[in-house]
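Engineer: Below is a structure I'd like to ask you about.
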Amino acid sequence: MNILIAGATGNTGLRLVEQLKAKGHSPIALVRESSDTGSLPDDVTIRHGDLTDLQSGVCDGCDAVVFAAGSGGSTGPELTDKVDRDGAKRLIDLAAEAGVSRFVMLSSAGADDPDPESELAHYLQAKHEADEHLKASGLSYAIVRPVALTDDDGNRKMRFGDEVDPKGKAARGDVAAVLASAIEDDQWTGKALLMQSVL
């Protein structure tokens, strides 16, 4: 499949690119003109687009789309809204327009019911609105909500849903594996599940 990845140059996105290639898919990296693409494999297709100003046609020719982007922990509320909420919603709309068969969202634990007292309240609210937009889009979707991320590769032992410890950890390598699986696995269709690594 041709799979468009928003956030392909990020810590999770790079792992996802490698895992999709290993499965025989063709990842397409959605990156800004100014992005450093040096970490991406040479044979990965680059497609330029800015999540704060996505143009029509960015999802054309794609079988699936994965949103694994984020404004980052050090950015303010304005960029969080532009990327994590509005950018995601726009990409969902363009994916629907292009007839994409599956949209996989990398969300976050707590995005289902954001706690206004949380220090991540603004971020979680943005993710919540993007997730709800995806659910209402008519697209076949999967939403993955990992607990706190680590930069480990993980061992592919994972828990989902009610079995997850909210205070647990999720290795980025495991998260990438779940995203790659959720593109094809019918068990993920229409689901929004918590996820953690079993370390």
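Engineer: Conditions first: (1) out of contact with any His (no Cβ under 8 Å at 6 or more places or on another chain); (2) open to solvent by 10 Å² or more (accessible area, probe 1.4 Å). Asp174 passes all but one, so which condition is the exception?
Structural biologist: Tallying (1) out of contact with any His (no Cβ under 8 Å at 6 or more places or on another chain); (2) open to solvent by 10 Å² or more (accessible area, probe 1.4 Å), Asp174 fails exactly one: (2).
Engineer: Got a sec? Which of Ser118, Ser137 is modelled with pLDDT of 95 or more and small (Gly, Ala, Ser)? Break it down stepwise before answering.
Structural biologist: Working: Ser118 fails: modelled with pLDDT of 95 or more.
The conditions single out Ser137.
Engineer: Turning to a different aspect of this structure: Within the group Ser101, Ser181, which residue is of a type in the set (S, T, N, Q), open to solvent by 60 Å² or more (accessible area, probe 1.4 Å) and within 22 Å of Pro27 (Cβ to Cβ)?
Structural biologist: Exactly one residue qualifies, and that residue is Ser101.
Engineer: Condition (residue is of a type in the set (Val, Ile, Thr), free of Cβ contacts under 8 Å to residues at least 40 places away in the same chain and within 20 Å of Thr12 (Cβ to Cβ)) applied to region 76-89: is it met by at least one residue? It would help to see each step written out before you state the result.
Structural biologist: Within region 76-89, the subset of a type in the set (Val, Ile, Thr) is 80, 83.
From what's left, free of Cβ contacts under 8 Å to residues at least 40 places away in the same chain: 83.
Within this subset, residues satisfying the condition of being within 20 Å of Thr12 (Cβ to Cβ) are 83.
The answer is yes, given that some residue of region 76-89 is of a type in the set (Val, Ile, Thr), free of Cβ contacts under 8 Å to residues at least 40 places away in the same chain and within 20 Å of Thr12 (Cβ to Cβ).
Engineer: Looking at region 1-47, which of its residues are surrounded by fewer than 17 Cβ atoms within 10 Å (Cβ to Cβ), within 17 Å of Val65 (Cβ to Cβ) and of a type in the set (Gly, Ala, Ser)?
Structural biologist: Within region 1-47, just Ser26 meets the criteria.
Engineer: A follow-up question, please. Can you confirm whether region 102-116 contains a residue that is of a type in the set (Asp, Glu) and touching a strand residue (DSSP E or B) at 6+ places or on another chain (Cβ under 8 Å)?
Structural biologist: Scanning region 102-116 turns up at least one residue that is of a type in the set (Asp, Glu) and touching a strand residue (DSSP E or B) at 6+ places or on another chain (Cβ under 8 Å).
Engineer: Within region 161-199, which residues are under 20 Å from Ala64 (Cβ atoms) and not in a helix (DSSP H, G or I)?
Structural biologist: Matches in region 161-199: Asp185, Thr189, Gly190, Lys191, Ala192, Leu193, Met195.
Engineer: In region 60-90, which residues are of a type in the set (Val, Ile, Thr) and closer than 26 Å to Ser26 by Cβ?
Structural biologist: Passing the criteria: Val65, Val66, Val83.
Engineer: For Asp50, are the conditions met, namely being closer than 19 Å to Thr9 by Cα, free of Cβ contacts under 8 Å to residues at least 40 places away in the same chain and not hydroxyl-bearing (Ser, Thr, Tyr)?
Structural biologist: Considered against the rule, which asks whether it is closer than 19 Å to Thr9 by Cα, free of Cβ contacts under 8 Å to residues at least 40 places away in the same chain and not hydroxyl-bearing (Ser, Thr, Tyr), Asp50 comes out as yes.
Engineer: Tell me, yes or no, whether region 41-62 has at least one residue that is part of a helix (DSSP H, G or I) and more than 20 Å from Tyr141 (Cβ to Cβ).
Structural biologist: Looking through region 41-62, none of the residues is part of a helix (DSSP H, G or I) and more than 20 Å from Tyr141 (Cβ to Cβ).
Engineer: Can you confirm whether region 72-85 contains a residue that is in a strand (DSSP E or B), surrounded by 14 or more Cβ atoms within 10 Å (Cβ to Cβ) and within 17 Å of the chain's Cα centre (by Cα)?
Structural biologist: No.
Engineer: With respect to Gly110, determine if the residue is open to solvent by 10 Å² or more (accessible area, probe 1.4 Å) and under 18 Å from Val66 (Cβ atoms).
Structural biologist: Here the answer is no, as Gly110 does not meet what is asked.
Residues are listed down the side, and each one gets a yes or a no for (1) part of a loop (DSSP other than H, G, I, E, B); (2) surrounded by fewer than 18 Cβ atoms within 10 Å (Cβ to Cβ); (3) touching a residue at least 60 places away in the same chain (Cβ under 8 Å):
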| residue | (1), (2), (3) |
| --- | --- |
| Glu119 | yes, yes, no |
| Leu134 | no, no, no |
| Ser137 | yes, yes, no |
| Val144 | no, no, no |
| Asp153 | yes, yes, yes |
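Engineer: Counting only residues that are among the polar types (S, T, N, Q) and within 18 Å of Arg145 (Cβ to Cβ), how many does region 49-71 have?
Structural biologist: 1
The values are calculated or read from the model by the stated rules, or taken from the named source; none is laboratory data. As the structure is a computational prediction, the values presented were derived from the model and not from experiment. When we count neighbours, we look across all protein chains shown, and the Cβ atoms used for this are built from the backbone with ideal geometry, even at glycine. Keep in mind that these areas ignore ligands, DNA and RNA; they rest on the heavy atoms of the full protein, side chains included. Shrake-Rupley method; radii C 1.70, N 1.55, O 1.52, S 1.80 Å.
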